[in-house]
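Structure, as structure tokens:
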Amino acid sequence: MSPEELSEARSRVATAQAITILTGAGISADSGVPTFRGADGLWRNYRAEDLATPEAFQRDPRLVWEWYNWRRELIATKRPNPAHHAVAALEARLPDFWLITQNVDGLHRAAGSHKLSEIHGNIWMVRCTACGTVAENHQIPLPLLPSCDRCRGLLRPHIVWFGESLDQEDLARCAKALQDCDVLIVIGTSGVVYPAAGFASVAKEAGAFVIEVNPDPTPQSDLVDIALRGHAKDLVPNLLETGE
Ligand code: BJW
Ligand code: ZN
């Protein structure tokens with residue numbers, strides 16, 4: 001990444017009428033939340049891919065809730081970092097803005113973001129497997145077989161697991177944000193989980209200028225216009241706070 005690239009990226013952001021941001025676990029890594037893939041992405045020899053499926057929950061709901069209790073406990077101690085705050089500040093000053101996050105940790109909301117789609121759900125929400133009621137729940141730890149207040153059915157995390165469909169309204173809102181933006185900024189995602197992995201190319205085909213912020217290359221790096229290599233907490237404030 002050359003100084004010219006950072007400077008061009010900053011000027012694209014400063015002059016854009018409509019900006020969409022897509023975030024992944026890397027933006028919360030700087031707050032101390034482990035990412036999914038890579039050395040920190042393991043929990044007791046299980047991979048996220050082995051626990052984050054409806055089949056895993058059917059087979060052993062206690063094990064899956066144990067994992068979520070562990071993550072809820074960890075995330076409860078974490079706070080938004082300068083990258084989350086810079087994203088929220090951009091929303092506050094740019095009317096045409098949308099944030100798409102794959103993160104379930106709620107740190108964007110904690111930083112003050114409102115115009116956002118949490119496309120993979122939220123770890124502080126639960127859903128009844130019997131009656132479908134969705135509720136906010138901050139209890140830690142939850143019983144290993146938590147039950148619904150309304151019908152006593154088994155609760156599950158309100159999170160999108162592998163093989164499950166994303167919310168259609170959320171997806172439609174994201175499609176509009178990808179079509180309409182002048183600039184898409186993709187921050188801290190490995191770009192391997194669909195449909196989010198396809199969002200950079202959707203925006204690019206619709207004419208957007210695409211900026212990636214990630215210390216490492218991803219499968220989308222070749223299609224983006226500028227790849228800024230480094231940590232979100234350092235680069236994102238620099239990129240977004242253009243001091244207009
Ligand atoms: C930093 C940093 C710093 C580090 N600063 N950066 C098309 C093709 C192939 C497969 C499919 C397809 N369409 C659907 C599928 C199946 C599947 C899928 O994509 N599989 C792939 C693995 C191949 N997708 C689905 O099943 C989705 N459903 C769906 O599409 O329904 C319709 C359908 C179903 C089946 C077939 C076809 C259609 C649902 C996906 C749900 C994903 N859910 C999870 C788990 C939730 C559990 C939980 O959180 O409790 O969401 S998976 C996990 O990965 C989590 C994340 O949101 C997601 C993305 O991970 P992310 O954010 O990219 O994190 P990492 O760890 O991978 O990367 C971190 C990055 O940060 C790295 O790049 C670092 O370099 C970087 N980084 N430090 C900036 N300081
Ligand atoms: Zn219920």
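Brief remarks on what is shown
- Positions within the stretch 36-63 being β-branched (Val, Ile, Thr) and without any contact (Cβ under 8 Å) to a residue 40 or more places away in the chain, in sequence order: none
- Evaluated against (1) touching a residue at least 60 places away in the same chain (Cβ under 8 Å); (2) more than 11 Å from ligand 2 (Cβ to nearest atom); (3) open to solvent by 40 Å² or more (accessible area, probe 1.4 Å); (4) within 20 Å of Pro54 (Cα to Cα), Ile119 falls short on exactly one condition, (3).
- Taking the stretch 155-170 as the range and being touching a residue at least 40 places away in the same chain (Cβ under 8 Å), more than 13 Å from Tyr194 (Cα to Cα) and aliphatic (A, V, I, L, M) as the test, only Ile159 passes.
- Extreme residue, farthest from ligand 1 (Cβ to nearest atom), among residues of the stretch 2-56 that are modelled with pLDDT of 85 or more, touching a strand residue (DSSP E or B) at 6+ places or on another chain (Cβ under 8 Å) and within 16 Å of Gly191 (Cβ to Cβ): Thr20
- Among the candidates Arg229, Arg150, Arg173, the residue that is open to solvent by 20 Å² or more (accessible area, probe 1.4 Å) and without any contact (Cβ under 8 Å) to a residue 40 or more places away in the chain is uniquely Arg150.
- Enumeration of residues in the stretch 188-209 that are crowded, with 24+ Cβ neighbours inside 10 Å and of a type in the set (Val, Ile, Thr): Thr189
Condition check ((1) among the hydroxyl-bearing types (Ser, Thr, Tyr); (2) under 25 Å from Val87 (Cα atoms); (3) in contact with a Cys (Cβ under 7 Å, 6 or more places away or on another chain)) across all residues:
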position	(1), (2), (3)
Gly121	no, yes, no
Trp124	no, yes, no
Thr129	yes, no, no
Thr133	yes, no, yes
Pro146	no, no, no
Asp149	no, no, no
Leu155	no, no, yes
Val160	no, yes, no
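- Of the criteria (1) of a type in the set (A, V, I, L, M, F, W, C); (2) within 30 Å of Thr242 (Cα to Cα); (3) within 16 Å of ligand 2 (Cβ to nearest atom), which one Leu154 fails: (2)
- None of Ala25, Ala9, Ala52, Ala86 is farther than 22 Å from Met125 by Cβ, within 17 Å of the chain's Cα centre (by Cα) and buried (at least 19 other Cβ atoms within 10 Å of the Cβ) except Ala86.
The values are calculated or read from the model by the stated rules, or taken from the named source; none is laboratory data. Keep in mind the model is a prediction, meaning the values are calculated, not measured. No Cβ is skipped: glycine too gets one built from the backbone with ideal geometry, and neighbour counts run over all protein chains shown. To get the accessible areas, we keep the full protein, side chains included, count just its heavy atoms, and leave off ligands, DNA and RNA. Shrake-Rupley method; radii C 1.70, N 1.55, O 1.52, S 1.80 Å.
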